[in-house]
Structure formats: C-alpha cells, structure tokens
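Structure in structure tokens, see below.
The values are calculated or read from the model by the stated rules, or taken from the named source; none is laboratory data. Note that the structure is a prediction, hence the values are computed from the model and not measured. FYI the Cβ positions are ideal-geometry reconstructions off the backbone, even for glycines, and counts take in every protein chain you see.
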Amino acid sequence: MLMMQHIPILKKNNIRITPQRLLVYKILTDDKGHLTAEEIYEKVKPKLPAVSLATVYTVLELFKEKHLVNEIRIQFDKSCFEAKVDAHHHFFCRICKKIFDICMKPCHTLEKKEVEGHAIEKLQGYFYGLCKNCKNK
C-alpha cells in the first residue's frame, strides 16, 4: 500500500494527511477511471475496515473543493469521480454504461473563455450514444 508519492500533493493543497484520504486519493489516481463513491468505498473497506461510506463522501467533497478530483454527473442518478482534473469531455455509452474521456480541440468561444459576455470558468461536455464496441456488436 505504497502511497508516499501522494503525501506531497495533499500537503501542497493544505490537506491534513490521514490514512483514509491517502487511500481514496491513491484509488482515484491508480484507477484512471470514473468511480462512484460506492465503488471507491468498496476498494477502501478491505484495507481500512473501520471506514464508512460517509467518510468517503466527506473526503471526496474535500478533494473537490481543493480541485484534486473532478465530479462527473453524466448519469443523472449518480456521480462519478476521477483524479483527472484538466479540461476534457465525457462520453456515456447507453448500452455498456461505460464512461470514456473525450479529447476535443476547443472552439473559439472556449478559447476566449467567454460566451455572450459571460466568463466561462469551467466546461464539462457530456456526449451520449453507443461506444465503438457496442456499435460494432
């Protein structure tokens, strides 16, 4: 359970180091996917049996505030989280239910970071359809 490389990142963001925070961050950075709080909890529980789902939610909220994780609301009934916080979009396959990162060149409006006089601080585009695997079945 080597997590020493994550300590400087948490310290840099003024986050007190706890085993729960370290493990949640490790899971998010190792997985490179889009995990629900419940999926994260299921990965934390065997290593830290005393942890609760509420603790995982609290850690995720703290990480969101510190911009260490991104919350994805592509499925309306649940949130997913990822450690990739740079600007990118997501594609949700309606068949297999997988979420994929989509890299697209930003349009002129996004490069200006302004639309109709409004300042764009963050953009998260969601695309829905069939992934290439499901489309070819």
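Scan the range 103-135 for residues that are modelled with pLDDT under 90, surrounded by 11 or more Cβ atoms within 10 Å (Cβ to Cβ) and either over 21 Å from the mean Cα position of the chain (by Cα) or closer than 25 Å to LYS32 by Cα (or both) and report the count.
Residues that pass the stated criteria total 11.
Taking the stated definitions as given, is ALA50 part of a loop (DSSP other than H, G, I, E, B) and touching a residue at least 12 places away in the same chain (Cβ under 8 Å)?
no
Can GLU42 be described as more than 27 Å from ARG94 (Cβ to Cβ), surrounded by fewer than 20 Cβ atoms within 10 Å (Cβ to Cβ) and either of a type outside the set (Lys, Arg) or in contact with a helix residue (DSSP H, G or I) (Cβ under 6 Å, 6 or more places away or on another chain) (or both)?
When the stated conditions are applied, GLU42 does not pass them.
Quick check, is ILE15 assigned by TED's automatic domain parsing to the domain that holds HIS67, surrounded by fewer than 17 Cβ atoms within 10 Å (Cβ to Cβ) and more than 24 Å from LYS98 (Cα to Cα)?
When the stated conditions are applied, ILE15 does not pass them.
Sort out which residues of the range 59-71 are surrounded by fewer than 18 Cβ atoms within 10 Å (Cβ to Cβ) and either touching a Gly at 6+ places or on another chain (Cβ under 9 Å) or under 15 Å from ILE9 (Cα atoms) (or both), and write them in order of number.
LEU62, LYS64, GLU65, LYS66, HIS67
Identify, from the list GLU121, GLU111, the residue that is assigned to a helix (DSSP H, G or I), under 30 Å from ILE9 (Cα atoms), of a type in the set (Asp, Glu) and without any contact (Cβ under 8 Å) to a residue 40 or more places away in the chain.
Checking each option against the conditions leaves just GLU111.
Go through the range 72-99 and report how many residues are among the acidic types (Asp, Glu), within 23 Å of LEU130 (Cα to Cα) and surrounded by fewer than 14 Cβ atoms within 10 Å (Cβ to Cβ).
Here the count works out to 1.
Can I ask one more? Quick one: is THR18 at pLDDT 90 or above, under 23 Å from HIS89 (Cα atoms) and among the β-branched types (Val, Ile, Thr)?
It is false that THR18 is at pLDDT 90 or above, under 23 Å from HIS89 (Cα atoms) and among the β-branched types (Val, Ile, Thr).
For the range 63-101, which residues satisfy the criterion of being within 9 Å of the chain's Cα centre (by Cα), among the aliphatic types (A, V, I, L, M) and not in a strand (DSSP E or B)?
Those that are within 9 Å of the chain's Cα centre (by Cα), among the aliphatic types (A, V, I, L, M) and not in a strand (DSSP E or B): LEU68, VAL69, ALA83, VAL85.
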